[in-house]
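This structure is in structure tokens; I'll ask about it shortly.
The values are calculated or read from the model by the stated rules, or taken from the named source; none is laboratory data. Computed from a prediction, not measured in an experiment: that's the story for all the values here. Cβ placement follows ideal geometry from the backbone for every residue including glycine, while neighbour counts extend to all protein chains displayed.
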Amino acid sequence: MELDKKTQAGLYETMLTIRRFEEHVAREVFDGHIVGFAHSYIGQEAVAAGVCRHLTVKDKIVSNHRGHGHCIAKGADVNRMMAEIYGKKDGCCKGKGGSMHIADFGVGMLGADGIVGAGLPISTGAALAAKLEGKKNVAVVFFGDGACNEGEFHESLNLAGIWKLPLLFVCENNGYGVNTPASYAMAAGDITRIPEAYHIANATVEGNDVEAVYEAAGAAIERLRRGEGPCFLECKTYRWHTHFLSKDIEDLRPKGEIAAWKERCPVATYADKLLRRGTLAPARLQSLQAKVQKKIDDAFAFAAASPYPKPEDALADVYSA
Amino acid sequence: MREITYDQAAGEAIRETFRSNPRTVYVGTDPVLDMQKEFGEDRVRVTPIAENSFVGAAIGLAGSGYRTVVNLRMATFGFVAMDQMINHAAKITYMFGGQARFPVLIRMTVGAGFFGAAEHSISPYAMFMNAPGLKLLLPSTPYDVKGLLKTALAENNPVISFEPFLLGKAKGEVPEEDYSVPFGHAAVRRKGSDLTVVALGRMVPEALAAADDLAKGGVSAEVIDPRTLVPLDTAAILRSVRKTGRLVVVDEACQTCGAAAEILARVASDKATFGKLKSAPARVCGLDVPIPFSPPMEKFAVPDKSKILKAAKGVLR
């Protein structure tokens, strides 16, 4: 069954917002205007967009080092995200977190995290809070195939399983943990064998197909809201850039493989689909694209206008009041 | 006044808070039957033995509006959860720009003296002093453990309570009525004028026993118990040392880069206090070895009254 037009356009707009945001960040990293580590989400947009479309602000997500897309899809303020990435005072974390530690608790985005796998235990707590409150809210945790080899991943599956937590595990299987292929690093072979072993309902979807992600995530999140325990969704996808953005590191992945995945661009293929179906007329698509570009331009203007924090602001926020 | 044990006093602090605040959750690997009976198994949860994940779960609960108590049992198991405690609990408030509060209380026992051998006998609080963002308790009496935990359970930050294993069955006066002990306020356990002894945790009763012996020889020792390591009541220590001019710091943790080293550094780098020193300060700490099992070796590795007396005499000479 075809999704309603509003949902289709919404999925596309979210993906495109992530793409344009990440293109800006990549350009600025390569030009030396953004410092530190930034992990690009380009290529994986369909996952965040398809999953988060089902969530309300009362649902929580926990993200990872490659978190910009999750933040945008969950509704985090793009201006303040951009300011954060530039280390500016008006950043969502006042410039204390940077690209790797963006959080927006106001929209239920409980933070991105620089330690592979470490968001998983935290997400079990967010899911337990939702369960204790009993209002049918859920938690979602995003992680990569690399995290599946961490102990915290296994501990968290187990904990979610025995406590029947309303937690959706979203594994963005982009095939590599930094440069190490999952095919080498994971004894289980198919990732879903692992949640299967923990008796957790699971599915694998084509992670570059936003509607496939949307439908599988929707079914899983419905289960969570019914109190039927955790679910696991493996989304097969690919990141276009190196593990983190840098002109100085070599991409060790096969060139043909990278090119083949770029052919399957989740954003461009979906735009084509929406035009073909007539969901969006060409003029409407162009105006949507212009709107998204303006949003990113405005975010950059906001970040550029924001001052740096005062050096001594480093002393604030070690503790909460 | 009634007397109860250190462990009972700690339990009272938690139960009283759970009664007054329904948004509290307890996690630990052992069922706490009386608490489960009173507060239900939803709030008093038994976890698998998977420290890193249940500390992480506590952080996620805290970030979602629940106050969480984690019982890690012993500091040795705490090391399994170092990722969540150091990379997350300590930093999460700061790196997210203070936009959320993380009220997590993590309890673990520390210390040697019970033939627990190397892994289970450890006092790692100095490692945590090096991770800004945590508040660190080292209560030495039943009164203090209850009062400090009450403060911790009203605190909006991650707190770790290091509770000397050997003090668990120690009895002391604890009032029936509600009270709390603020963080960052050292207790002067005994007033004196010739020598300041700063003692940590289980070394407080040892230092008091040493002070009794010193008094018999006409030496008046002041014994200070910081009670919390972060925040540390530096002012109380400096005040005492300026008065006595002599200092011994006693800690059963290993000496190198320990809390005692930090206390000596704060004294030495305060000009007004340094100028009042009549002799070089001394440390009485655990030796820099893993704690050995065999009783004569363990006794050799850990400070006690006789070692404190020896150090005091050296400082007084």
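Just a yes or no: is a residue in region A:69-85 over 16 Å from A:Ala112 (Cβ atoms) and surrounded by fewer than 24 Cβ atoms within 10 Å (Cβ to Cβ)?
Going residue by residue through region A:69-85, those that are over 16 Å from A:Ala112 (Cβ atoms) are A:79.
Going one step further and asking which of them are surrounded by fewer than 24 Cβ atoms within 10 Å (Cβ to Cβ), we end up with A:79.
Among the residues of region A:69-85, at least one is over 16 Å from A:Ala112 (Cβ atoms) and surrounded by fewer than 24 Cβ atoms within 10 Å (Cβ to Cβ), which makes the answer yes.
For the structure I just gave you, tell me whether A:Lys74 is within 26 Å of B:Asn87 (Cβ to Cβ) and touching a Cys at 6+ places or on another chain (Cβ under 7 Å).
Values: within 26 Å of B:Asn87 (Cβ to Cβ): yes; touching a Cys at 6+ places or on another chain (Cβ under 7 Å): yes.
Yes, satisfied.
Which condition breaks for A:Ser306 when tested against (1) without any contact (Cβ under 8 Å) to a residue 12 or more places away in the chain; (2) within 14 Å of another protein chain (Cβ to nearest Cβ); (3) among the small types (Gly, Ala, Ser)?
Here A:Ser306 meets the rest and fails (1).
Show me the helices (runs of 4 or more DSSP H) found entirely inside region B:216-317 where at least 1 residues are crowded, with 22+ Cβ neighbours inside 10 Å, free of Cβ contacts under 8 Å to residues at least 60 places away in the same chain and more than 21 Å from the chain's Cα centre (by Cα). Quick ask: steps written out before the conclusion?
Working: elements: B:234-244, B:259-268, B:271-274, B:295-301, B:305-316.
Answer list for region B:216-317: B:234-244.
Please find, among B:Gly40, B:Gly65, B:Gly60, B:Gly56, the residue that is within 10 Å of chain A (Cβ to nearest Cβ), at positive phi and modelled with pLDDT of 95 or more. Can you show your working first?
On the way: B:Gly40 fails: within 10 Å of chain A (Cβ to nearest Cβ); B:Gly60 fails: at positive phi; B:Gly56 fails: at positive phi.
Among B:Gly40, B:Gly65, B:Gly60, B:Gly56, only B:Gly65 is within 10 Å of chain A (Cβ to nearest Cβ), at positive phi and modelled with pLDDT of 95 or more.
Which residues, taken from region A:131-140, are facing chain B (nearest Cβ under 9 Å) and either in a loop (DSSP other than H, G, I, E, B) or buried (at least 24 other Cβ atoms within 10 Å of the Cβ) (or both)? Give the steps one after another, and end with the answer.
First, pick out the residues of region A:131-140 that are facing chain B (nearest Cβ under 9 Å): A:131-133, A:139.
Correct list: A:Ala139 only.
If you don't mind, another one. Which condition number does A:Cys92 fail, the rest of (1) touching a residue at least 40 places away in the same chain (Cβ under 8 Å); (2) more than 15 Å from A:Asp298 (Cα to Cα) being met?
Against the list (1) touching a residue at least 40 places away in the same chain (Cβ under 8 Å); (2) more than 15 Å from A:Asp298 (Cα to Cα), A:Cys92 comes up short only on (1).
Something else: Hey, can you tell me all the residues within region B:106-151 that are of a type in the set (S, T, N, Q), in contact with a Gly (Cβ under 8 Å, 6 or more places away or on another chain) and part of a helix (DSSP H, G or I)? Lay out the reasoning, then the answer.
Within region B:106-151, the first condition is being of a type in the set (S, T, N, Q), and the residues that meet it are B:109, B:121, B:123, B:130, B:140-141, B:151.
Keeping just the survivors that are in contact with a Gly (Cβ under 8 Å, 6 or more places away or on another chain) gives B:109, B:121, B:123, B:140-141.
Within region B:106-151, no residue meets the criteria.
Something else now. Could you tell me which of the residues A:Glu133, A:Glu152, A:Glu222, A:Glu172 is acidic (Asp, Glu) and more than 30 Å from B:Ala89 (Cα to Cα)? Break it down stepwise before answering.
Working: A:Glu133 fails: more than 30 Å from B:Ala89 (Cα to Cα); A:Glu152 fails: more than 30 Å from B:Ala89 (Cα to Cα); A:Glu172 fails: more than 30 Å from B:Ala89 (Cα to Cα).
Just one listed residue meets the conditions, A:Glu222.
Within region A:165-189, which residues are touching a residue at least 24 places away in the same chain (Cβ under 8 Å) and either at positive phi or of a type in the set (Asp, Glu) (or both)?
Within region A:165-189, A:Glu172, A:Gly175, A:Val178 qualify.
Let's see how each residue does on (1) within 12 Å of chain A (Cβ to nearest Cβ); (2) modelled with pLDDT of 95 or more; (3) crowded, with 24+ Cβ neighbours inside 10 Å; (4) outside any strand (DSSP E or B):
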residue: B:Thr17; (1), (2), (3), (4): no, yes, no, yes
residue: B:Pro22; (1), (2), (3), (4): yes, yes, no, yes
residue: B:Gln36; (1), (2), (3), (4): no, yes, no, yes
residue: B:Thr76; (1), (2), (3), (4): no, yes, no, yes
residue: B:Phe79; (1), (2), (3), (4): no, yes, no, yes
residue: B:Gln84; (1), (2), (3), (4): yes, yes, yes, yes
residue: B:Tyr94; (1), (2), (3), (4): yes, yes, no, yes
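Specify which of the listed residues (A:His65, A:His70, A:His54) is touching a residue at least 24 places away in the same chain (Cβ under 8 Å) and within 13 Å of chain B (Cβ to nearest Cβ). Outline the logic, then answer.
On the way: A:His70 fails: within 13 Å of chain B (Cβ to nearest Cβ); A:His54 fails: within 13 Å of chain B (Cβ to nearest Cβ).
The match here is A:His65.
Moving on to the next point. Could you go through region A:51-66 and let me know if any residue there is over 29 Å from B:Ile59 (Cα atoms) and surrounded by 24 or more Cβ atoms within 10 Å (Cβ to Cβ).
Step one: filter region A:51-66 for residues over 29 Å from B:Ile59 (Cα atoms), giving none.
Checking region A:51-66: not a single residue is over 29 Å from B:Ile59 (Cα atoms) and surrounded by 24 or more Cβ atoms within 10 Å (Cβ to Cβ).
Being within 13 Å of another protein chain (Cβ to nearest Cβ) and either crowded, with 24+ Cβ neighbours inside 10 Å or in contact with a helix residue (DSSP H, G or I) (Cβ under 9 Å, 6 or more places away or on another chain) (or both) is the filter here, so list the residues in region B:96-128 that pass it.
Initially, region B:96-128 is screened for residues within 13 Å of another protein chain (Cβ to nearest Cβ), giving B:96-104.
Listed by number, the residues that qualify are B:Phe96, B:Gly97, B:Gln99, B:Ala100, B:Arg101, B:Phe102, B:Pro103, B:Val104.
Take the residues in region A:109-129 that are surrounded by fewer than 23 Cβ atoms within 10 Å (Cβ to Cβ) and either at the interface with another protein chain (Cβ under 8 Å from one of its Cβ atoms) or not aliphatic (A, V, I, L, M) (or both), then tell me which one is nearest to the chain's Cα centre (by Cα). Talk me through it step by step, then tell me what you get.
Taking region A:109-129 first, the residues surrounded by fewer than 23 Cβ atoms within 10 Å (Cβ to Cβ) are A:114-116.
Those left that are additionally either at the interface with another protein chain (Cβ under 8 Å from one of its Cβ atoms) or not aliphatic (A, V, I, L, M) (or both): A:114-115.
Values: A:Gly114: 14, A:Ile115: 15 Å.
In this case the residue turns out to be A:Gly114.
Can you find, within region B:201-215, the residue that is surrounded by the fewest Cβ atoms within 10 Å (Cβ to Cβ) among those that are among the small types (Gly, Ala, Ser) and in contact (Cβ under 8 Å) with a residue 60 or more places away in the chain? Reasoning before the result, please.
From region B:201-215, those among the small types (Gly, Ala, Ser) are B:201, B:207, B:209-211, B:215; that's our starting set.
Narrowing further to those that are in contact (Cβ under 8 Å) with a residue 60 or more places away in the chain: B:201, B:207, B:209-210.
On the way: B:Gly201: 29, B:Ala207: 28, B:Ala209: 16, B:Ala210: 28.
Going through the qualifying residues, I end up with B:Ala209.
Which residues, taken from region A:141-171, are within 12 Å of chain B (Cβ to nearest Cβ) and within 16 Å of the chain's Cα centre (by Cα)?
Once the filter is applied, which keeps residues that are within 12 Å of chain B (Cβ to nearest Cβ) and within 16 Å of the chain's Cα centre (by Cα), region A:141-171 yields A:Val141, A:Leu167.
Quick one: which of A:Lys262, A:Lys247 is at pLDDT below 95 and out of contact with any Cys (no Cβ under 7 Å at 6 or more places or on another chain)?
A:Lys247
Take the conditions out of contact with any helix residue (DSSP H, G or I) (no Cβ under 7 Å at 6 or more places or on another chain), of a type in the set (Gly, Ala, Ser) and part of a loop (DSSP other than H, G, I, E, B) and apply them to A:Gly36. Does it pass?
Details: out of contact with any helix residue (DSSP H, G or I) (no Cβ under 7 Å at 6 or more places or on another chain): no; of a type in the set (Gly, Ala, Ser): yes; part of a loop (DSSP other than H, G, I, E, B): yes.
Judged against the criteria, A:Gly36 is not a match.
Follow-up. Using the structure shown, decide if A:Gly87 is assigned to a helix (DSSP H, G or I), within 12 Å of another protein chain (Cβ to nearest Cβ) and more than 24 Å from A:Lys291 (Cα to Cα). Walk me through how you get there before you give the answer.
On the way: assigned to a helix (DSSP H, G or I): no; within 12 Å of another protein chain (Cβ to nearest Cβ): yes; more than 24 Å from A:Lys291 (Cα to Cα): yes.
So A:Gly87 fails the test.
Kindly indicate the residue of region A:90-108 that is touching a His at 6+ places or on another chain (Cβ under 9 Å) and more than 8 Å from chain B (Cβ to nearest Cβ) and also nearest to A:Asp317 (Cα to Cα) among those meeting that condition.
Selected residue: A:Ile102.
Would you confirm whether any residue within region A:240-255 is surrounded by fewer than 17 Cβ atoms within 10 Å (Cβ to Cβ), in contact (Cβ under 8 Å) with a residue 40 or more places away in the chain and closer than 23 Å to A:Ala73 by Cβ?
No, the conditions are met nowhere in region A:240-255.
Can you list residue pairs whose Cβ atoms sit under 9 Å apart, with the first residue in region B:180-200 being touching a residue at least 40 places away in the same chain (Cβ under 8 Å) and outside any loop (DSSP other than H, G, I, E, B) and the second being surrounded by fewer than 19 Cβ atoms within 10 Å (Cβ to Cβ) and among the hydroxyl-bearing types (Ser, Thr, Tyr)? Count only pairs 6 or more apart in sequence or on different chains.
B:Leu195/B:Ser220
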